[in-house]
Amino acid sequence: MEGEAAHHLGRVLRAQAGQVYELSDGESVWLGRIEKAGRDRIEFSLTEQIPAVSPPLEITLLLSLVKFDSFEWALEKATELGVSRIVPLAAGRSEKALIAAAGRRGERWKRILLEASQQSRRVKVPELAAVERTEKGFSRTPAELKVMLSERPDAAPLREVLHGRAARSVALAIGPEGGWTEGEFAAAGKAAFAEASMGKLILRTETAVVAALANVSFALEPGDKS
């Protein structure tokens, strides 16, 4: 191991020979024993392959740009909750300054996804797409089930939208503070997104991410729901 990961392990965590870590190449997971630990290079011997656990659902999160501290917190929690792909959206009501600055945050966001994946012991790091305009994001997202969180009074409750559904791939679209525009509702409907409500309370974008993903996982992941 070399580069930033080895630097962190060797200098920050002060790794020593004989210590055992879980190592992943994005496909498989092994136990590796440190044979030689330097400050910027760590040498391992692989001792045992262990089961690789992957999220049972393929979830694409289309997340509107909001203030970066909130957006980045949402990236971290979405990773912990098993999202496979994240598409940042330049929504109609996203602040223009955030949209302009988002292109310079890509490497930081990838690092957040990596660290959150390591913390939650995920095998694969979620894919981070480039920032897209809402209409393109909707039209380019294939999934068996597509859900758009909505504050409109006629939107069905999320539990009803998910009830009785069986899907291996899900797209979840979450709007900015201030909500979606009428044009975005129309574009989502054209792309076969179903509107779903999280209730009468108005949630911040990052709160909606956690609440909606927990609901989707509970409703659609296989297993005993009792």
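Suppose we keep just the DSSP beta bridges with both residues in the chain; what percent of those would be antiparallel, to 5?
35
Which label marks the calculated value of semi-axes √(5λ) of the Cα gyration tensor in Å, given the options (1) 31, 18, 16; (2) 37, 21, 13; (3) 25, 22, 16?
Label (2) holds the value from this structure.
If you place +1 on the Cβ of every Lys and Arg and -1 on the Cβ of every Asp and Glu, how big does the dipole about the Cα centre of the chain come out, in debye to the nearest 20?
Here the size comes out at about 300 debye.
Using helices alone, I'd like the mean residue ellipticity at 222 nm for the chain: each DSSP H run of four-plus residues gives -39500 (n - 2.57), total over residue count, nearest 500.
Computed mean residue ellipticity for the chain: -9500 deg cm²/dmol.
Using unit Cβ charges (K, R positive; D, E negative) and no other charged atoms, how large, in debye to the nearest 20, is the dipole of segment 3-50 about its Cα centre?
My answer is approximately 360 debye.
For SER150, SER70, SER28, what ranking results if the residue with the fewest other Cβ atoms within 10 Å of its Cβ goes first?
Least to most surrounded, the residues fall as SER28, SER70, SER150.
How big is segment 1-106 by the Kirkwood estimate over distinct Cα pairs, in Å?
16.7
For segment 139-212, give the magnitude of the charge dipole about the Cα centre (Cβ charges: +1 Lys/Arg, -1 Asp/Glu; no others), in debye to the nearest 20.
Approximately 260 debye in magnitude.
Taking every pair of alpha-carbon atoms in segment 3-50, give the share separated by more than 19 Å as a whole percent.
Value for segment 3-50: 21 percent of Cα pairs lie more than 19 Å apart.
Going through the cross-link list LYS124/LYS200; LYS110/LYS136; LYS136/LYS200, which pairs have a Cα-Cα distance over 32 Å in this structure?
LYS124/LYS200
Report the dimensions of segment 105-226 along its three principal axes from the alpha-carbon atoms, largest first, rounded to Å.
40, 40, 28
If R₀ is 35 angstrom, what is the calculated FRET efficiency for the pair ASP40 and VAL125, using the beta carbon separation as r and rounding to 0.05?
0.95
Can you list the equivalent-ellipsoid semi-axes of segment 145-202, largest first and in whole Å, using the square root of 5 times each Cα gyration tensor eigenvalue?
Each semi-axis is the square root of five times an eigenvalue, giving 18, 14, 9 Å.
Give me SER217, SER64 sorted ascending by neighbouring Cβ count inside 10 Å, so fewest comes first.
Lowest count first: SER217, SER64.
Bear in mind these aren't lab numbers, they're just calculated from the coordinates by the rules spelled out. What you see is a predicted model; the values in this text were computed from it and never measured. Note: ideal-geometry Cβ built from the backbone for every residue, glycine included; neighbour counts use all protein chains shown.
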